[in-house]
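Trainee: Input: one structure, supplied below.
Bear in mind these aren't lab numbers, they're just calculated from the coordinates by the rules spelled out. The shown structure was predicted, so the numbers you read here are calculated from the model rather than taken from an experiment. We place every Cβ from the backbone using ideal geometry, glycine too, and count neighbours over all the protein chains shown.
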Amino acid sequence: MKLLAIDTTANTAAAALLEDGRILASYQQNGTMTHSETMLSMIENLLANAQSAPGALDMLAVSVGPGSFTGVRIGVSVIKGLAFGRGIPCVPVSTLDALSENLRSTAEAAELPLYVCPVMDARRSQLYTALFVYERDADGTLIRRRVWEDDMLSAAELASRLSAVSHRVIFVGEGCRVTAREIALPHCTEADESVRYQNGVSVARAALRVWMEAEDRDAFTDLALKPTYLRPSQAERERAEKQQ
């Protein structure tokens, strides 16, 4: 099975192509928000270099948020366009869920449990965040478990929650450097820059897990694919203020 996964939820544009879990190609571009211009050419180059084509894809995956409202919409629209009329599964993935997958290799070599806290700038002094923990099951297999659902918190609120965690916490995501500076907890550190940002492979692996755990796989259609926002957009807030 060939799976194409993309992420356009933040400054980093990322895409990856996997076949039966094996990475065929992975692209990442930092420092730009012009995803509407870069993502389609990135996908085209990725498929060409992997000697593949859109018609050979068996599944599509995309980070559907939280993140930049414009970026999230671009990613969802690209996947809808690729899937249109083909009837192939389109799997939505939480941006924060995918970011936590970036630390899987780190967890393999770390003392466990290891907590991973994805953080993204939500503007207005707020952060999009969640919490995951890597552990080993009774057979010694590395597993990752969600501790908190995706949420929007201030740095002070996040610090209060993390103060109750008694093990090492690693921040990952574009907001991790600022968060590590504002949250002065000795057990909290920031991820290395090499694994800090959005990664198409992580989106793909998160999507495969979502697919395997789903009770109704027929629900993963291009028509059902929608962005996930943790708060109203600026336009919606302004409209509500005017109505009030």
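Trainee: Please arrange 80, 226 by how many other C-beta atoms lie within 10 Å of their C-beta, fewest to most. Write out the running numbers ahead of the final one.
Mentor: Details: 80 17, 226 12.
Ascending number of Cβ neighbours within 10 Å: 226, 80.
Trainee: Between segment 42-76 and segment 124-152, how far is it from one alpha carbon centroid to the other, in angstrom?
Mentor: 25 Å
Trainee: Among 12, 129, what is the fewest-to-most ranking by other Cβ atoms within 10 Å?
Mentor: Ranking 12, 129 by Cβ neighbours within 10 Å, fewest first, gives 12, 129.
Trainee: Something else now. Just to be sure I understand: of the beta bridges DSSP finds with both ends in the chain, what percent are antiparallel, rounded to 5? Don't jump to the answer; show the numbers that get you there.
Mentor: Details: 29 of 44 bridges.
So the antiparallel bridges in the chain amount to around 65 percent.
Trainee: When a/c is below 1.5 the answer is rounded, else prolate if a/b is larger than b/c, else oblate, so apply that to the chain with a ≥ b ≥ c taken from the square roots of the Cα gyration tensor eigenvalues.
Mentor: Note, shape of the chain comes out oblate.
Trainee: Now, a different point. Mean separation of Cα pairs under 8 Å and 6+ residues apart, divided by the residue count of the chain: what relative contact order is that in percent?
Mentor: 23 percent
Trainee: Return the percentage of antiparallel bridges among DSSP beta bridges fully within segment 103-195, rounded to the nearest 5 %.
Mentor: Restricted to segment 103-195, the bridges split so that about 70 percent are antiparallel.
Trainee: A further question follows. Before anything else, pin down the relative contact order of segment 103-195: Cα pairs under 8 Å, at least 6 apart, normalised by residue count, whole percent.
Mentor: RCO, segment 103-195: 28 percent.
Trainee: Counting only GluC sites (Glu not before Pro) that sit in a DSSP loop (anything but H, G, I, E, B) with at most 11 other Cβ atoms within 10 Å, what is the longest stretch of the chain containing none of them? Walk me through the intermediate numbers first.
Mentor: Working: sites that count: 111, 215.
The answer is 1-110.
Trainee: When averaged across all projection directions, what area in nm² does the alpha-carbon convex hull of segment 103-195 cover?
Mentor: 5.8 nm²
Trainee: Still on this structure, I have one more. For the residues 202, 63, what sequence is obtained by ranking on other C-beta atoms within 10 Å, fewest first?
Mentor: Final ranking by Cβ density, sparse to dense: 202, 63.
Trainee: Okay, moving on. Taking a ≥ b ≥ c as the square roots of the Cα gyration tensor eigenvalues, with a/c under 1.5 meaning rounded and otherwise prolate when a/b beats b/c, else oblate, which class fits segment 22-66?
Mentor: In terms of gyration-tensor shape, prolate.
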